[in-house]
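Heads up: the structure comes next, in structure tokens.
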Amino acid sequence: MTAHNPVELVPYDPQWPANFRRIRARLLTLLPQALSIDHIGSTSIPGMIAKPLVDIDIVLPSLDHIRDATRVLLAEGYEPRGNRYDEEVWAFLWKGSIPAERVYLCPAGNRTHRNRLAFRDYLIAHPQSASDYAVLKRRLAAEFRMDGDRYTALKREFVDTVVAQALAGDD
């Protein structure tokens, strides 16, 4: 199964923020109940190498809104990807645009969402940490080219350390 999940990293594309704004506008039309729609992941960090897809968290008022939002995304052609990271975060992939979109539905106050924003903001504010992350990503992508799950799992310690620093307010 892991052979179907290759790791493809590309150089930062300065169009990613504009891609996000376009996607966000469409998602707000589809899901007007969203409290926020946030650009997360490596494409949200200027200069960062990344998989060529825009990661987006859609924060809904509560878990009660997930089912209706899921119906909307499925009707729009998003593929369900389950909830791999958190029991209250549901992933969807849409390959109908370039770059592809991976969106996550989560309720307000969700810990995974908070951590993703903390990680993004810390790396933007700390170029050396961002550089260290890029080096790690390159090494893991080379070593686990055909095993995206392992690539992701082995980034976890770095990500968890940065999130802890960010939430503690460490500079």
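Where a number appears in this text, it was derived from the coordinates with a stated rule and is not lab data. All figures in this text were calculated on a predicted structure; none of them were measured in a lab. Note that each Cβ is placed from the backbone with ideal geometry, even for glycine, and that neighbours are counted across all protein chains shown.
Over all pairs of distinct alpha carbons, what does the Kirkwood formula give as the hydrodynamic radius of the range 34-77, in Å?
On the way: mean 1/r = 0.0830 Å⁻¹.
Computed over the range 34-77, the radius equals 12.1 Å.
May I ask you to derive the relative contact order of the range 15-171, considering only C-alpha pairs under 8 Å and at least 6 residues apart, and to give it as an integer percent?
Details: 206 pairs, mean separation 29.6, N = 157.
This gives 19 percent for the range 15-171.
In the chain, what percentage of the DSSP-assigned beta bridges are antiparallel, given to the nearest 5?
Numbers: 14 of 22 bridges.
Restricted to the chain, the bridges split so that about 65 percent are antiparallel.
For a Förster distance of 22 Å, can you work out the FRET efficiency between the beta-carbons of residue 86 and residue 15, rounded to the nearest 0.05?
Plugging the Cβ-Cβ distance into 1/(1 + (r/R0)^6) gives 0.15.
Apply the Karplus curve 6.51 cos²θ - 1.76 cosθ + 1.60, θ = phi - 60°, to the phi angles in the range 7-19 and return the couplings in whole Hz, x for Gly and Pro.
The phi angles translate into 9, 10, 10, 10, x, 3, 10, x, 7, 4, x, 5, 4 Hz.
Using only the alpha carbons of the chain, determine the length spanned along each of the three principal axes and report them from longest to shortest in whole angstroms.
Cα extents, longest axis first: 40, 38, 30 Å.
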